[in-house]
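Contents: one structure, followed by commentary.
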Amino acid sequence: MSRDDTTQGQHVVNQDRPTGVSFQQLDDGSGIEIIDPIERHRYTLQIQSAATPRAESTDELEFPVDEAVSFTAESLTLPTVVPTYVRDADHQLLAKAEHNANVDLPNGRYSIEISAPIKIYLRVTSPVKVSADLERTSIKFKSPTQVVLGARSRHDHPAGTISTTDDPEDMMSAVSMLGSALKSTNPERSYPTLRGHPPLIERGDSLSIPNTLSTPETGVRIELPPEYRYIYPAAPLAYYLGAVLVPSDEPRLITGTGLVHPLDSGERAYEDEIERLLKQVFFLDCITRTEGLYKTDLHERAAVEDSLGWDPATIYEQSLAEQLDAYLSVPFEAIEPHIPTWKLESRIDPTPSSIEALPFLVNDLAVVRTPDIQSTSHSESLQAVANDFLRDETFTRSMDKSPNSGDKSLQAPEIEKLEAQFNEGMVDRASDASIKAYRNRLDRSPTDGNIDISVIINDPQMAEEVDVVNEVYGSRSNLPFDVTVHKELTSNQLAVLLGADLDFLHYIGHVDEEGVQCTDTKLDLQTVESIGVDAFFLNACQSYNQGMALIDEGAIGGVVTFNEIPNRSAVRLGGTMARLLNRGFPLRSGLEIARDETHLGNQYVVIGDGTFSIAQAESGTNVLCVVEEQVDCFEVTLKTYPTDQKGIGSEVVPFLGNNDQYYLNSSEQMVFSLSRDDLIDFLRLEDVPVLIDEELRWSSEIVANEL
């Protein structure tokens, strides 16, 4: 093994790429817009009595920021209500403000942390008043005060690239370095912002680890047989624990305190035990961290505390190895109902090429499994359902108009929850494309411009979907969208458009194995030399292979189909998907909701990086609201979906009724009983998808007399 100061191979991380934020004074001088050019996020501060901002050293702030400015102001107003933390000169947390907050602090030096889509920090010396209603937050000072403003992008980049041979023991050494990206080994690492992107891994002629990478000293090791089928599933757990992988005859977790925990005891299969252990440690870290830097009234802590047998305040002060002793003393059954839903499970082949996918899956804290041999019965039954629908509707989005054209479809895999597939056969190419897509995202070009969306329609009979999506995209007044509709393009015109710098492309038309239908001929996207599109939705029949070509040439992610799709189903799902994407839902969670809009929803799949979103969520968290009418109230269940801003481990506060507790993002426990008036008030806070009587609606369109 060698260690050097440079990364190896072709996938070198460009540390010189601009990834920081910028500040732009509003044209009327009323405030400052903070711009994240990589994530395409913007956040505006309205400032009273603001002078022109001056550049400042980032050292003026106690927290890491990309850029800083200073100005004089009497008050700042945030456009949304987001967690706002106030600390004194000794970094002690004095107050946390959210909805309906009213915090008064005497004269002093304060650091104010604003957890917006872009991380924001203020430094002031003044009396401070922080107040919020249900829509905005205000920060006021007693008199005009100098404010130092800093901001940091939430975009995270790998710190380097590890090269490894195909030898399993070399791969174990490479996986052991993934934990070098942890920004903390305290329970706060359960916050997504304190889990950095792991270094990349690529295959080479020797094991080479950059000298700039070092693993934390946690006293934890995972002993495993040196085989791919053991190494790959253990990667997320090793990363999260900062553990090293050590060759051994039997799989087990060992700590410096003497704990020995078998990982293949016979009671559960190895992969099941690894998954269970990751979820248990992660969840109990979320409970324990409430005694740390961010003290919150967490619902999950109140629900399980009596079952723990130990005090979180005591455990917080202990070492990671000692914490594991305590965590594993808790019966899993006592906490299982309260563990947040894991939105990503990946199945990867136990072959050498899969090693390059691990850093990206680990970054999402995915559950990693190796595939089982599955029956084709589900695909056959799904094909039968598709054929039944195709018999009922003669107009599909196929270029083959024969009655049995559906028999030539690709087989759709069974997907109970959306997964990142890395299997053999058809989805083996999806494996390569997904790794390529993740790397494409790392190389995404920064821009300070608008969000550019192109909608293409190459069949006038499908104009209904154009009308729907054109009305939806760009309908958020606080975000700068440029939406262009292109009709009946030639193959050359489409190729030129695909090479343009576009954030999103929504194609409506016909596709088959030969290419995308244009007015003159078919364009095989595999022949297009330059792709500038970041993400796409090819709402056409059997668009999988053409979508994969876009990924191969530089796109990040997209939604495609396996089979023939009746036009009415495509219009319904296409309109719903557009609205979800416009509200900030990533591709994966957007499709998870939209696919229920049609019986053929399982014919749609996300390829590439499913975490990609074209816009920021207004509140930072995507929410689906499920409403059921009871005898004297409404039962409201909130289903939240992790985003880049609010990943797994983040917290949300549902402001329904009198609730003031925090919940873990993607919790299954957010169920509330509300009066009609309280429900209407909640639905007015933000335009969110609402499921009423199994029908998907939008909160902005629901009136009181409908409930």
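Throughout, read-outs are computed from the coordinates displayed, never taken from laboratory work. Here the structure is a predicted model, which means the values were calculated and not measured. All Cβ positions, even for glycine, are placed from backbone atoms using ideal geometry, and neighbour counts span all protein chains on display.
A few remarks follow.
- Its relative contact order, with pairs defined as Cα atoms under 8 Å and 6+ residues apart, puts the range 622-706 at 30 percent.
- Percent of Cα pairs exceeding the 38 Å cut-off, where the set is the chain: 39
- Coarse-grained scattering of the range 554-699 at q = 0.17 Å⁻¹, given as base-10 log I(q)/I(0) from a Debye sum over alpha-carbon atoms: -0.98
- In this rough spin-label picture, where each label sits 7 Å from Cα along the Cβ direction, the Asp520-Ser131 distance is 6.5 nm.
- Summed over qualifying helices (DSSP H, 4 residues or more, each -39500 (n - 2.57)) and divided by its residue number, the chain shows a 222 nm mean residue ellipticity of -7000 deg cm²/dmol.
- Distance between the modelled labels on Ala303 and Val703, one decimal in nanometres: 3.7 nm (7 Å Cα→Cβ projection).
- Beta bridges per DSSP, both residues in the range 161-369: antiparallel share near 45 percent.
- The label-point distance for Leu26 and Ser214, in a model that sets each label 7 Å from Cα toward Cβ, rounds to 4.6 nm.
- Sequence-distant residues sharing a close amide H with Thr215 (under 5 Å, placed H): none
- At full extension, Val496 and Glu529 could sit 10.9 nm farther apart than now, given 0.36 nm per residue minus the alpha carbon distance.
- Sorted by Cβ neighbour density within 10 Å, fewest at the top, the residues Asp311, Asp632: Asp632, Asp311
- Backbone N under 18 Å from the Gln661 label point (7 Å along Cα→Cβ), restricted to the range 609-642: 635-640
- DSSP finds beta bridges in the chain, and of those with both partners inside it, around 70 percent are antiparallel.
- Shown is the FRET efficiency for Thr296 and Arg676, computed with R0 = 35 Å from the Cβ-Cβ distance and rounded to the nearest 0.05: 0.70.
- Couplings 3J(HN,Hα) of the range 330-346, computed from phi: 8, x, 4, 4, 6, 10, 3, x, 9, 6, x, 5, 7, 8, 10, 10, 10 Hz, in residue order, whole Hz [Karplus 6.51 cos²θ - 1.76 cosθ + 1.60, θ = phi - 60°; x for Gly and Pro].
- Distribution of pairwise C-alpha distances over the range 622-706, 5 Å bins, in %: 3, 14, 26, 28, 17, 9, 3, 0
- Distant-in-sequence amide contacts of Gly649, defined by a placed amide H-H separation under 5 Å and a gap of 5 or more residues or a different chain, comprise Asn665.
- Taking the average, over residues, of other Cβ atoms within 10 Å as the packing measure, peptides 346-355, 90-99 rank 346-355, 90-99 from highest down.
- Net lengthening on full extension, Glu250/Gln669 (0.36 nm per residue, minus Cα-Cα): 147.1 nm
- Distant alpha-carbon pairs in the range 22-152 (separation over 22 angstrom), percent: 28
- Relative contact order for the chain: 10 percent, from Cα pairs under 8 Å spaced at least 6 residues apart, divided by residue count.
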